[in-house]
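Peer 1: Just dropping this structure here.
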Amino acid sequence: MPLENATLLLLNATTAAAAPSLPRSNDLWWVGVLLDCVATLGGASGKQLLRHAAVTKNNWFIPLGMFFTAVIDPIFDISAYAFAAQSVIAPMAGMVVVWNVVLAPFTLGEVLTPSRKRGTLLVVLGTACSGFFGNHLVHERTVDEYLALFARPLAQLYYVCFAAVSAVCLYYLRRGSHFWRGFAAGALGGLLAGNMMTTKASVEMVKCVALHWGDAEASAAGGCEQNPFLTPYPYLFITISLALACGALYLLAVGLRSFEALYMITVFEGFMVISGAISGNVVLNEKEGHPPHLMALYFGAVLVILAGLYVLCSGEQQSLANDADGEHNGLAAHDGARPQRPAGYKRGARRRGDEGVAMVRDEGAHNAAPLRSAAEGGGEHASTRSQSPEERLADLYNAEV
């Protein structure tokens with residue numbers, strides 16, 4: 001009899017561990033959205049401070065920018081994950097674009113071009129729709145359930161695709177043109193920042209232990225009957241989250257050195273939205289219990305974000321090309337223009353190595369000043385120490401013609 005009871009208890013425990021936790025309705029998801037709005041405001045302010053430090057070469061703004069970006073933003077962002085699913089919180093990163101568009105023309109003096117307006121509008125529209133059509137259910141899982149989610153074949157396929165896209169970004173970051181290097185830095189940084197699976201898992205574990213401390217029945221119902229922090233996995237999750245965040249901030253700082261905040265932050269946050277939305281639904285399986293038509297609308301909103309990024313990058317690339325053409329034409333016009341021929345001078349002899357250059361005055365002029373050759377010193381340029389400004393101008397004219 002004792003053996004049968006022990007066997008029955010073991011089977012019950014195994015069944016409970018194997019059965020996934022059922023999602024439940026979450027009426028406080030809007031609290032997570034509000035918290036993340038505050039987080040994005042802090043993040044936008046910090047990124048603009050970093051851009052200001054890069055433009056003005058004033059490194060005193062870097063610690064302040066890092067404080068807003070690495071302290072204020074994560075505190076409110078992590079708190080938001082305690083109230084809403086990752087697939088809902090991740091699209092809220094697009095609010096950084098909103099804050100940036102509102103603030104950058106005043107704080108950084110950056111111009112809001114038509115392509116930036118259109119691209120930003122599409123990103124904001126897609127962000128709002130993805131948050132509205134996202135899954136508002138909450139999943140309470142144990143450590144074993146999170147490990148099982150992270151090891152699923154579909155999750156492994158996501159890791160492979162993420163590694164392939166990251167490799168492409170790294171290639172363009174090292175070998176691409178100036179434009180594609182900046183785009184790759186922002187895209188890769190956003191992809192890293194959007195992979196918040198481990199952050200979501202760690203926050204849920206902290207919340208479960210904090211809310212149900214000392215209540216065995218509530219802890220069992222919340223999925224943390226055994227304290228998860230007595231195992232190494234929460235600390236591994238936190239380490240991975242910190243590494244991804246640091247890598248994302250570094251790549252963002254690299255991009256801001258060469259590109260304006262309105263462009264770079266939009267690329268960064270756009271890819272953060274995409275990776276966060278996909279990883280939340282694929283790796284954390286937050287699509288569970290969500291109606292198919294709402295899921296289709298959700299990913300349609302993600303496609304709108306991609307369209308906004310395309311409009312933004314196309315306009316920015318065209319703007320860079322126009323600037324380069326204008327600069328090239330300006331230099332060509334400057335280099336191709338001959339100096340105005342001085343009055344009283346006509347074309348004289350050219351340089352002849354050791355013989356120098358003779359500058360001959362016009363009709364009746366007989367007092368031309370000979371130019372000594374610099375060939376004696378190993379060069380071909382004539383010395384102009386004894387020349388008047390008029391004679392040096394004439395020499396320049398003869399060199400051009």
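Peer 1: In whole Hz, what ³J(HN,Hα) sequence does region 55-60 give by Karplus (6.51, -1.76, 1.60; θ = phi - 60°), x for Gly and Pro?
Peer 2: In residue order, the calculated couplings are 6, 8, 6, 9, 6, 5 Hz.
Peer 1: For residue 125 and residue 148, compute 0.36 nm times the residue count separating them, minus their Cα-Cα distance, and round to one decimal in nm. Can you show the working numbers first?
Peer 2: Numbers: separation 23, 0.36 × 23 = 8.28 nm, distance 3.46 nm.
Extra length available between residue 125 and residue 148 comes to 4.8 nm.
Peer 1: Short version: ³J(HN,Hα) in whole Hz for each residue of region 148-156, in order, from phi by Karplus 6.51 cos²θ - 1.76 cosθ + 1.60 (θ = phi - 60°), x for Gly and Pro, what are they?
Peer 2: Taking θ as phi minus 60°, the curve returns 5, 5, 5, 9, 5, x, 5, 5, 5 Hz for region 148-156.
Peer 1: Just to confirm, what accessible area per residue do you get for region 23-320 at 1.4 Å probe, in whole Å²? All intermediate terms of the calculation are to be shown ahead of the outcome.
Peer 2: Details: 13510 Å² over 298 residues.
Heavy-atom SASA per residue in region 23-320 reads 45 Å².
Peer 1: Further question on the same structure: Note down the accessible area of residue 78, probe 1.4 Å, to the nearest 10 Å².
Peer 2: 80
Peer 1: For a test of the definition: using alpha carbon positions, the gyration tensor, and the 1.5 limit on a/c, classify region 23-320 as rounded, prolate or oblate.
Peer 2: On the way: a/c = 1.80, a/b = 1.64, b/c = 1.10.
In terms of gyration-tensor shape, prolate.
Peer 1: Of all the accessible heavy-atom surface of region 23-320, with the other protein chains kept in place and a 1.4 Å probe, what percent is carbon and sulfur?
Peer 2: Values: 9730 of 13510 Å².
Within region 23-320, the accessible surface is 72 percent carbon and sulfur.
Peer 1: Tally Lys/Arg at +1 and Asp/Glu at -1 over every other residue whose Cβ is under 14 Å from the Cβ of residue 56; what's the total?
Peer 2: Working: positive: 51, 57, 257; negative: 110, 260.
Result for the neighbourhood of residue 56: +1.
Peer 1: Suppose accessible area is computed on protein heavy atoms with a 1.4 Å probe; arrange 180, 60, 99 from highest to lowest. Mind dumping the intermediate values first?
Peer 2: On the way: 180 100, 60 215, 99 75 Å².
So the residues, ranked largest to smallest area, are 60, 180, 99.
The values are calculated or read from the model by the stated rules, or taken from the named source; none is laboratory data. Everything quoted here is computed from the prediction, not taken from an experiment. Here the Cβ is made from the backbone with ideal geometry for all residues, glycine too, and neighbour counts use every protein chain on show. All accessible areas refer to the heavy atoms of the entire protein, side chains included, with ligands and DNA or RNA removed. Shrake-Rupley method; radii C 1.70, N 1.55, O 1.52, S 1.80 Å.
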